[in-house]
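The next block holds one structure in the form of structure tokens; read it before the comments.
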Amino acid sequence: MPLNIKHMFYDKSVSENPPAIWIIKSGEVTFYSINSTAEKEFLYSEDELLGKSILKVCPSFSLNELIILPNSKNRKKISTKIRRKDGMEQAAKLEITSFNFENDNYFQIVISPLVSSNSAYNELTDYFYSYTFNTSPVPVIILEKKTLKIIQVNDGTIRMYGHSHDEFIGMKFTNLLHPNEADNILRIFNTLKDDSQNRFEIKQVTKSERIIDAEIFIQPVKSFEGDILIITVHDISEKKLALKLLESNLNNYRLIANNSTDLIIRQTLNGKINYASPASLKLLGFTPSFLTINNIYNFIHPADAEKLKKGMHNLTESGQFKTRFRIKDSLNRYIWLESTSTLLVDNKPVPEPEIVLVARDISGQVEIENKLVEANEKAKEIEKLKHIILANISHEMRTPLQSILGFSQNIKGRIDNGELADDIDNIYENGQRLLRMVNLFLNLSYMEANNFLPHFEIYDIISIVKNAAEPFVNTAQKKNITLTIAPGEKPLFVNTDKVILRDILDNLIDNAVKFTQNGKVEISMAERKMGRQNYIVLTIEDSGIGIPPGKENMAIQEFRQISEGLNRNYEGIGLGLSVAKRLAERINARISINSIVGKGTTIEVYLVKEETN
């Protein structure tokens with residue numbers, strides 16, 4: 001801009017506080033020049049606005065306001081809003097004067113912001129600004145910068161400090177400060193920056209003499225009649241207390257970590273170690289400082305590294321990852337660790353998420369577990385060998401036993417001597433008893449070896465029950481036991497393995513007769529519906545000795561009897577019920593036991609009914 005134009009206009013406004021002035025070129029309605037006050041007020045430099053339309057800073061300005069000016073002696077005043085470089089809008093009055101210089105038309109615009117020390121609050125009476133100011137929960141205080149006297153406060157300020165609105169007006173801001181803040185507040189106001197919001201932390205005192213920690217934001221505002229300060233206040237007392245408690249907790253956690261016998265590591269997802277507890281020296285032989293310049297995967301056993309990485313990457317904020325892995329110590333030995341990893345949640349942004357890993361040495365425990373596994377495998381081998389031997393012995397005994405039984409029956413039919421016939425009957429009965437024992441061993445060995453495969457067909461169960469009970473008739477008669485069968489009124493069909501079901505009945509009837517001194521053994525069959533399923537229920541009821549309460553489980557354990565040892569009252573090896581129960585499971589049946597000592601036992605076998613015509 002020619003120097004003589006600047007002299008014509010800017011020199012006239014030289015004073016202690018010159019107003020903001022724009023020179024606008026007519027026709028193009030673009031900036032021709034601005035003074036230094038305008039630069040400070042609206043944050044644009046002269047170079048940034050030269051040649052730019054006035055609408056850049058006054059979007060709502062009507063260009064007609066310039067066109068209708070009649071001549072250079074006329075002035076016009078209008079109100080508008082000016083948008084500063086920082087995006088904030090400021091209400092202002094524009095005094096526009098037109099003039100001619102060297103045959104070109106120009107406009108001089110003198111700007112008066114609509115804010116002053118006497119009218120700061122009154123100019124906010126526009127509904128929107130007034131409503132926002134009064135209803136804001138954040139305390140807002142407006143001061144005269146020169147005197148630090150309060151000229152307006154909102155309801156949030158009244159609630160925080162407890163003073164009434166009238167008590168606030170004219171009060172010095174320093175009256176709200178803690179006595180120890182006297183020097184601090186002078187430093188604060190002497191370092192204020194006009195072009196930005198200033199943040200400070202100070203202690204203040206309420207009307208009830210409660211001391212609060214406050215975070216204040218001070219925004220200087222230049223006005224036509226004087227400068228003011230707009231101060232927003234945040235009570236950070238609870239935040240300060242929380243930070244103090246957090247610092248105390250951090251110290252406690254640090255103390256725990258430094259004295260823990262467990263290894264504590266803070267690492268990134270990729271394994272870079274950022275912290276290692278002192279336990280690393282005792283556990284691994286490495287100092288914490290050595291570990292923090294290394295990656296944890298440099299020490300992890302290759303077979304465990306992938307599992308550990310996958311678990312770490314799948315961690316969520318609320319979850320934990322527990323695992324075992326091997327880690328190399330300073331002597332190149334691998335030791336077993338059991339660890340729990342947790343994702344470290346921090347509100348501060350970090351380049352890479354961190355994980356806290358807490359681990360303890362379980363090498364001794366793993367060694368014991370390995371020995372137990374080895375011992376268990378050996379036990380399984382021994383068990384398997386036992387059943388192979390049992391099966392072989394049983395097979396070798398079964399053939400001659402069947403021959404003995406066959407010959408005894410043949411001889412009995414060919415003699416007339418009654419006494420000799422009784423002896424042959426004893427041979428037969430004891431042979432049958434021995435054969436049942438051999439069959440028990442065979443069945444047990446087959447089931448243990450998983451070679452016991454059922455063959456299902458549809459059978460009338462009545463004939464199977466009669467055939468199973470027949471071998472026990474003579475024994476029952478000798479003991480004065482009434483052995484009866486109640487077959488029901490109609491045929492009852494089941495889909496089962498006939499041989500397995502016969503073995504189950506042999507064992508159960510044998511037990512019923514064996515443990516009954518005199519009285520009865522009744523076998524009955526009936527249909528029963530349970531839920532949606534129809535069952536055929538075989539019931540074997542005796543009036544024998546019964547099973548004491550609490551010993552039902554012993555009765556179905558292998559090689560166990562209620563009375564045991566050399567002085568036991570009843571013969572047998574304790575396999576009958578156990579084998580019967582396991583055989584029942586093979587044909588999808590189940591057995592229930594109900595017994596009363598001195599009155600007898602009732603055993604029920606549940607078989608799924610086959611619906612057939």
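The values are calculated or read from the model by the stated rules, or taken from the named source; none is laboratory data. Please read all numbers here as calculations on a predicted model, not as lab measurements. Cβ coordinates were reconstructed from backbone atoms using ideal geometry, including for glycine residues, and neighbour counts include every protein chain displayed. Calculation scope for accessible area: heavy atoms of the full protein, side chains included, ligands and nucleic acids excluded. Shrake-Rupley method; radii C 1.70, N 1.55, O 1.52, S 1.80 Å.
Here are a few things to note about the model shown:
- Here the convex hull built on the C-alpha positions of the range 143-242 has a volume of 102 cubic angstrom per residue.
- Only protein heavy atoms count here; on that basis, with a 1.4 Å probe, Val605 has an accessible area of about 0 Å².
- Linear extension gain, Ile368 paired with His455, 0.36 nm per residue minus alpha-carbon span: 26.9 nm
- In the assembled protein chains, Val373 presents an accessible area of approximately 90 Å² (probe radius 1.4 Å).
- For the range 321-328, Karplus couplings with θ = phi - 60° (6.51, -1.76, 1.60), whole Hz, Gly/Pro x: 10, 10, 7, 10, 7, 9, 9, 7
- 3J(HN,Hα) from dihedral phi, the range 259-265, Karplus parametrisation 6.51/-1.76/1.60, rounded to Hz, x for glycine, proline: 10, 6, 7, 7, 7, 10, 10
- Shape call, the range 291-371: gyration tensor on alpha carbons, a/c limit 1.5: prolate
- Taking 23 Å as the straight-line reach from the Cα of Lys52, the lysines in range (excluding those fewer than 8 positions away in the same chain) are Lys6, Lys25, Lys40, Lys76, Lys77, Lys81, Lys85, Lys93.
- The distance between label points at Lys310 and Asn534 comes to 5.2 nm (points 7 Å beyond Cα on the Cα→Cβ vector).
- For Arg590, neighbours were defined as the other residues whose beta-carbon sits under 10 Å from its Cβ, and their charges (Lys and Arg +1, Asp and Glu -1) total -1.
- Solvent exposure ordering (accessible area, 1.4 Å, most first) of Glu377, Glu65: Glu377, Glu65
- In the range 452-503, the chymotrypsin sites (Phe, Trp or Tyr not before Pro) that fall in loop regions by DSSP, at most 15 other Cβ within 10 Å: Phe456
- Ordered by solvent-accessible area of protein heavy atoms (1.4 Å probe), largest first, the residues Arg210, Arg75, Arg324 come out as Arg75, Arg210, Arg324.
- Working note: Karplus 6.51/-1.76/1.60 with θ = phi - 60° gives the range 356-365 the couplings 9, 10, 10, 9, 9, 6, 10, 4, x, 5 Hz, where Gly and Pro are set to x.
- Inter-label distance, nm, simple model (7 Å from Cα along the C-beta direction), Ser330/Tyr253: 2.9
- For Ile188, the shell of other residues with beta-carbons less than 13 Å away shows a net charge of +1, using +1 for Lys and Arg and -1 for Asp and Glu.
- Accessible area (Å², 1.4 Å probe, nearest 10) - His455: 110
- Summed side-chain charge close to Thr323 - residues other than Thr323 whose Cβ falls under 14 Å, Lys, Arg +1, Asp, Glu -1: +4
- Placing a pseudo-label 7 Å from each Cα along the Cα-to-Cβ vector at Glu89 and Thr147 gives an inter-label distance of 3.3 nm.
- When Glu247, Glu369, Glu28 are compared by accessible surface with a 1.4 Å probe, the order from highest to lowest is Glu28, Glu247, Glu369.
- Global geometry of the range 210-328, whether rounded, prolate or oblate, following the gyration tensor of its Cα atoms and the 1.5 cut on a/c: prolate
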